[in-house]
Number of protein chains: 2
Amino acid sequence: MNTPRTEQITDKIMQEFSKTLEMFDLTSSEARLFAHLYISVKPLTLDEMAEALGKSKTSMSTNIRSLSDLNLVTRVWKKGERKDLYQANSQLFKAFMNAYIGKWLEAASHQKQSLKEINIFLEGHEADEISTELTIIEERLEDIIEFHRRIESLFKEIKMEEK
Amino acid sequence: MNTPRTEQITDKIMQEFSKTLEMFDLTSSEARLFAHLYISVKPLTLDEMAEALGKSKTSMSTNIRSLSDLNLVTRVWKKGERKDLYQANSQLFKAFMNAYIGKWLEAASHQKQSLKEINIFLEGHEADEISTELTIIEERLEDIIEFHRRIESLFKEIKMEEK
DNA sequence: TTTTACGTACAGTTTATTCTGTATGAAAAT
DNA sequence: ATTTTCATACAGAATAAACTGTACGTAAAA
């Protein structure tokens, strides 16, 4: 009773680690899968993952694809092995920050652009109809654009630091 | 057809703004509600929100509570008004960053603590059973703790900067 | 060529989340 | 004191997300 099985240990680690990974917008399945791959010594096949996590192979396939799209997981070759093997990117911080910052930057800049276009449109039609309401909306819109500007600049700065 | 109704404009703004707000882990309802409150000139009642967003009053009540817990929205007093009035915190960036960074810091530090405890436990029992597997797990665990350390320190740094 | 083994598309099911309507208690109005 | 108006708790309905099993295409093995 003094030396618990390694499985219990890894379970406990995975449980805590997964919670953090979910903060990077992984689903709980993705998070658990990544955690398991990371702790695991060797690259794993879809069947092994399914077995280990008690989920279907299909589910592992889609989850691995998501993780792979985020560059958190890599496919790996092994001589004479027919099945696909995957392993976790070992550079935890770098990999997750890249994925996360990229996601923010892309979204923020995209939305900022859309908002700017609305603003330009508004400015163009301003002369016609000088309603108080529209003026206030335009003020708000500019604040919202500024908000996006600051988000973008914050994440760009972080990106630089992490270089 | 040249001067669209203000409602169409605000809808479009809300649509883009909400997407960004969802990145701060608001649900789409919360995001839309906040966006509407922010763009709106005056503080609103639950009934007005429900009317404006086409949702039930109950739904507004719970959403407002969530936003309020995050200090994104404030209750406001108006003489002789019986209903509760709410308005959006006008300091967009500050308010959202506070909420967001706080959430990360709390989670990261909590999980780091749990992981450290596992590690201490492992170190204590290391002498007994020097299995290769356990050694590797311990290595991984230390990397995971380091990962948490870096997350914490990054967000603390951001918190300082935004001061 | 035929057979076997693999990954994944897809449809249907299960599970989780979000939303609504009714009910209740508190406070203001009558 | 009674009635009305409000916010929210709660249970059930609607919606969305996650998971599974079957089926299919591809590629290796026989």
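Separation of the alpha carbons by more than 20 angstrom is noted, of A:19/A:94; B:103/B:159; A:112/B:55, for A:112/B:55.
When each of the peptides A:72-78, A:13-19 is scored by the mean number of other C-beta atoms lying within 10 Å of its residues, the order from highest to lowest reads A:13-19, A:72-78. For the stretch B:75-86, 3J(HN,Hα) computed residue by residue from phi via the Karplus equation (6.51, -1.76, 1.60; θ = phi - 60°) reads 7, 9, 9, 9, 3, x, 9, 7, 6, 6, 10, 10 Hz, glycine and proline entered as x.
For chain A, the 222 nm mean residue ellipticity estimated from helices alone, with every DSSP H stretch of n ≥ 4 adding -39500 (n - 2.57) and the total spread over all residues, rounds to -24000 deg cm²/dmol. Scanning residues 5 or more positions from residue B:84 or on other chains, those with amide H under 5 Å from its amide H are B:46, with H placed 1.01 Å from N in the peptide plane. Aspartates and glutamates near residue A:79 by alpha-carbon distance under 19 Å, same-chain residues fewer than 8 away left out - which ones? Partners within reach: A:47, A:48.
Given charges of +1 on the Cβ of Lys and Arg and -1 on the Cβ of Asp and Glu, with all other atoms neutral, how large is the dipole of chain B about its Cα centre, in debye to the nearest 20? My answer is approximately 1680 debye. Distance to the B-onto-A rotation axis is smallest for one chain B Cβ; residue and value in angstrom are B:158, 4. For the peptide B:90-101, the mean number of other protein chain Cβ atoms found within 10 angstrom of a residue's Cβ is 2. Averaged over peptide A:20-33, the number of partner chain Cβ atoms lying within 10 Å of each residue's Cβ comes to 2. Between residue B:133 and residue B:87, the FRET efficiency estimated from the beta carbon spacing at R0 = 56 angstrom works out to 0.45.
Throughout, read-outs are computed from the coordinates displayed, never taken from laboratory work. What you see is a predicted model; the values in this text were computed from it and never measured. For neighbour counting, all protein chains shown are included, and Cβ atoms are generated from backbone atoms with ideal geometry for every residue, glycine included.
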